[in-house]
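> One structure follows; several queries about it will come next.
What follows draws every value from the coordinates through simple rules; no lab data is involved. Nothing here was measured: the structure is a model prediction, and the numbers come from that model. With ideal geometry, Cβ positions are generated from the backbone for all residues, glycine too; neighbour counts draw on all protein chains shown.
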Amino acid sequence: MRKFVLLALAALPLAACSTVKEAVKGPELAPVGYPSALVPRDQTVLVSAREPAPQPASANSLWRTGARAFFIDQRASRVGDILTVQIDIDDSAQTKNTTSAQRTSGMTAGVPHLLGLESSLGKILPGGFDPAKALETNSQTANTGSGSVSRSEKISLTIAAVVSAVLPNGNLVIQGTQEVRTNAELRQLTVSGIVRPEDISSSNTIKHTQIAEARISYGGRGDISTVQKTPAGQALVQRFQPF
């Protein structure tokens, strides 16, 4: 067992740092694909980038400069606006594959005549040499395999996200994080992706199926999560064991 642990520790430098981190902390979400070159995932929202605050109404007028009236679109459209994301995942998948392959082959070759030297070959080669049966091979292979996958996921959540950027074509980059702590357990929900302004409903909500490059994470950390998680040393050994 000691030799096996030493071999596992010696193989760690050969693996990528991300692989070691994934084995210890679990898988991480990939960055949003399209806007990653234009907009970083973690951004600082500047309040000054928004429009100036509404000014007091002028004399003999109910209108205030910059105010949003009932007839103006109230949906999120600018950096810093808040958008409600409805996450309702109810997916299931079942696959089953079976493969079977078998092959048998054989070959026989002889050299009855070889420039008159076939009789002399018997003096060089071991006894019982027959030029008519100089070479003979046969092989037989068989392969069978089967596999099945049965998976079911159901998540129903609602989270408020913030518009972090507006792409040149008008699409919105959103990201939101929600944390709730109960005693010593912290539940964390994150969502990010790209949405079209046309897909946002009149109530300023959007479904997760309408988010491109969606990255949704639901998890937590705390005493209970620590007990349920595989220890770091055991996870590394299972990740890099050669057999």
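> In what sequence do Val79, Val180 fall when counting other Cβ within 10 Å, fewest first?
Taking fewest neighbouring Cβ atoms as first place, the list is Val180, Val79.
> Under a point spin-label approximation (7 Å from Cα along Cα-to-Cβ), what is the Thr209-Thr230 distance to one decimal in nm?
Label-label distance for Thr209 and Thr230, simple model: 3.4 nm.
> Take Arg151, Arg239 and order them by how many other Cβ atoms sit within 10 Å, fewest up front.
Going from sparsest to densest Cβ surroundings: Arg151, Arg239.
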